[in-house]
1. Got a number for residues in the range 71-81 being in a loop (DSSP other than H, G, I, E, B), over 18 Å from K93 (Cβ atoms) and either among the small types (G, A, S) or open to solvent by less than 90 Å² (accessible area, probe 1.4 Å) (or both)?
2. Restricting the first residue to the range 11-23 and requiring it to be under 15 Å from H48 (Cα atoms) and open to solvent by less than 40 Å² (accessible area, probe 1.4 Å), which pairs with a second residue that is of a type outside the set (S, T, N, Q) and in a loop (DSSP other than H, G, I, E, B) meet a Cβ separation below 6 Å and a spacing of at least six or different chains?
3. Looking at the range 1-46, which of the residues that are outside any helix (DSSP H, G or I) and among the β-branched types (V, I, T) is farthest from L66 (Cα to Cα)?
4. Can you list residue pairs whose Cβ atoms sit under 6 Å apart, with the first residue in the range 44-73 being at positive phi and the second being charged (D, E, K, R)? Count only pairs 6 or more apart in sequence or on different chains.
5. Looking at the range 27-39 only, could you name the residues that are open to solvent by less than 20 Å² (accessible area, probe 1.4 Å), closer than 21 Å to K93 by Cα and not charged (D, E, K, R)?
6. Of the residues D51, D68, which is open to solvent by 80 Å² or more (accessible area, probe 1.4 Å) and over 11 Å from the mean Cα position of the chain (by Cα)?
7. Would you pick out the residues in the range 83-94 that are surrounded by fewer than 17 Cβ atoms within 10 Å (Cβ to Cβ), in contact with a strand residue (DSSP E or B) (Cβ under 6 Å, 6 or more places away or on another chain) and of a type outside the set (K, R)?
Amino acid sequence: DVLRFARIQWKILTSCADHVKKGGTLIYSTSSVTLEENEGLVEKFLKHYPDFEPVEPEPRFGLPALRDLSICRRLYPHIHMCNGFFIAKLVKKD
């Protein structure tokens with residue numbers, strides 16, 4: 001199911017990216033803590049859409065995301081007393 005959800009999320013993310021203006025922001029967030037749906041998908045997105053870059057969400061919350069995307073954020077059920085979440089703030093370069 002994780003890979004199926006990641007494919008669906010990829011379609012949503014890429015279709016939204018096509019509508020972001022230069023200097024605009026795209027927020028990608030899931031209620032999941034899997035790498036395939038989160039860091040893996042954002043890494044793939046940044047390779048296909050080099051005109052986007054991750055920036056730190058404000059205010060700062062949660063913990064840094066994994067891999068080379070520590071600028072993105074994660075919330076864990078056992079630490080933050082909520083469902084697990086991943087948040088990436090992606091800005092389209094001017």
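1. Quick first cut of the range 71-81, residues in a loop (DSSP other than H, G, I, E, B) only: 71-72, 76, 81.
Remaining after also requiring over 18 Å from K93 (Cβ atoms): 76, 81.
Now narrow it down to the ones that are either among the small types (G, A, S) or open to solvent by less than 90 Å² (accessible area, probe 1.4 Å) (or both): 76.
Residues flagged as in a loop (DSSP other than H, G, I, E, B), over 18 Å from K93 (Cβ atoms) and either among the small types (G, A, S) or open to solvent by less than 90 Å² (accessible area, probe 1.4 Å) (or both) within the range 71-81 amount to 1.
2. A17/Y49
3. Narrowing the range 1-46 to residues outside any helix (DSSP H, G or I): 1, 18-38.
Subsequent filtering for residues that are among the β-branched types (V, I, T) retains 20, 25, 27, 30, 33-34.
Working: V20: 26, T25: 21, I27: 17, T30: 15, V33: 10, T34: 10 Å.
Here the answer is V20.
4. G62/R73; G62/R74; R67/E39
5. Within the range 27-39, Y28 is the sole residue that qualifies.
6. Working: D51 fails: open to solvent by 80 Å² or more (accessible area, probe 1.4 Å).
Result: D68 is the single residue among D51, D68 that is open to solvent by 80 Å² or more (accessible area, probe 1.4 Å) and over 11 Å from the mean Cα position of the chain (by Cα).
7. Correct list: V91 only.
Okay, residues lined up against (1) more than 16 Å from W10 (Cα to Cα); (2) of a type outside the set (G, A, S); (3) within 11 Å of the chain's Cα centre (by Cα):
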{"residue": "L41", "(1), (2), (3)": "no, yes, yes"}
{"residue": "L46", "(1), (2), (3)": "no, yes, yes"}
{"residue": "P59", "(1), (2), (3)": "yes, yes, no"}
{"residue": "R73", "(1), (2), (3)": "yes, yes, yes"}
{"residue": "K89", "(1), (2), (3)": "no, yes, yes"}
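The values are calculated or read from the model by the stated rules, or taken from the named source; none is laboratory data. Because the structure is a prediction, the values reported are computed rather than measured. Backbone-built Cβ (ideal geometry, glycine too); neighbour counts: all protein chains shown. Note: accessible area is taken over every heavy atom of the protein model, side chains too, but ligands, DNA and RNA are not part of it. Shrake-Rupley method; radii C 1.70, N 1.55, O 1.52, S 1.80 Å.
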